[in-house]
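Have a look at the structure below, then the notes.
The values are calculated or read from the model by the stated rules, or taken from the named source; none is laboratory data. These numbers were taken from a predicted model, which means no experiment stands behind them. Positions of Cβ are generated from backbone atoms using ideal geometry, with glycine treated the same way; all protein chains shown enter the neighbour counts.
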Amino acid sequence: MKGLLTTLRSFYLAKEATKQRIAAVTTDYAPSIADDYSEQLSDVVYSDRWRDAQKDETNCPWTILESTRTASTRCDVQLLFQRLIARIPFSYVHFNDGEILAMKRSTGRTDRGMQILSKELQHSMLKAFKRERPGLVFGLPCSLEFKDASEFAARTLQNHNSSVERTLATVFINSNYQDSKEVLVEYLKRNPDRNVHMVVSNIANMTSFDENTGLRRLKSITRVPPTNAFQWVTQHISIGQNIIYQVTLL
């Protein structure tokens, strides 16, 4: 688990996408005072660095449309937050080097030794990676940092003609982490009707989380073993209609 954004990175905002897109632009539906979600994003963010970047990226395209293209994920994270604020349903799923390794091998462990690889895990990861669903966004390995994993991901997605939107697996962390944390926490504070479901390690300090974020109204907290969590998760967690849980293997 990698902190706040790792535990919260998998969003699925319930209800039908078409209804949400219509409702997102109406003041009756949106709890904030801003009709335009781009204006709300500017209002929510208190980071000068984010504001400056946003001025230069008014019409942000996805930075990762082809597996061979790599660029800054600044635009991608802005677009995802715009969807969140506009209440357009989406799911972000993280597939970095550890997850790709679990697809490629059925024995051994992930590089940090936190998850035992198995045929069952391999099957589940490949099945998840080939999922097709409106609003699904995959975070994939960087081709510069994890060349083999990036090529495997691109090849696997190409082989079954995936239409899933793609960005980098680091979209919410590294240079985007501080701003992403501020935006997400502030958004949740301003929108108390948004339910937050968290999946965390058994050893996670939730008191520290509460004190640092001020988010004390979590809908649910599910604790999982800090190592070899896959078998426990498959036995104990059922996937509901309103949230997609993700337990990172790294």
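Some notes on this structure:
- Of all residues in segment 130-168, those satisfying the criterion of being within 17 Å of residue 91 (Cα to Cα) and touching an Asp or Glu at 6+ places or on another chain (Cβ under 8 Å) are 136, 137, 138, 162, 163, 164, 167, 168.
Residues are listed down the side, and each one gets a yes or a no for (1) of a type in the set (S, T, N, Q); (2) farther than 21 Å from residue 82 by Cβ; (3) touching a helix residue (DSSP H, G or I) at 6+ places or on another chain (Cβ under 9 Å):
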site	(1), (2), (3)
117	no, yes, yes
147	no, yes, no
161	yes, yes, no
180	yes, no, yes
187	no, no, yes
226	no, yes, no
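Residue by residue, here is whether (1) crowded, with 21+ Cβ neighbours inside 10 Å; (2) over 26 Å from residue 193 (Cα atoms); (3) in contact (Cβ under 8 Å) with a residue 60 or more places away in the chain holds:
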| residue | (1), (2), (3) |
| --- | --- |
| 82 | no, no, no |
| 86 | no, no, yes |
| 91 | no, no, yes |
| 96 | yes, yes, yes |
| 100 | yes, yes, no |
| 104 | no, yes, no |
| 109 | no, yes, no |
| 115 | yes, yes, yes |
| 118 | no, yes, yes |
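- Within segment 152-172, being in contact (Cβ under 8 Å) with a residue 12 or more places away in the chain and of a type outside the set (A, V, I, L, M, F, W, C) holds for 156, 158, 160, 162, 163, 165, 166, 167, 170.
- Conditions (1) surrounded by fewer than 22 Cβ atoms within 10 Å (Cβ to Cβ); (2) under 20 Å from the mean Cα position of the chain (by Cα); (3) small (Gly, Ala, Ser): number failed by residue 169: (1)
- Scanning segment 127-150 for residues that are part of a helix (DSSP H, G or I) and touching a residue at least 24 places away in the same chain (Cβ under 8 Å), we see that the one that is surrounded by the fewest Cβ atoms within 10 Å (Cβ to Cβ) is 128.
- Meets criteria (outside any strand (DSSP E or B) and charged (D, E, K, R)) for residue 194: yes
- Among residues of segment 154-175, those that are in a helix (DSSP H, G or I), among the small types (Gly, Ala, Ser) and more than 22 Å from residue 74 (Cα to Cα), counted: 0
One line per residue, one yes/no per condition, for (1) exposed (fewer than 12 other Cβ atoms within 10 Å of the Cβ); (2) out of contact with any strand residue (DSSP E or B) (no Cβ under 6 Å at 6 or more places or on another chain); (3) at pLDDT 85 or above; (4) closer than 15 Å to residue 128 by Cβ:
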site	(1), (2), (3), (4)
216	yes, yes, no, no
219	yes, no, yes, no
222	no, no, yes, no
238	yes, yes, no, no
249	no, yes, no, yes
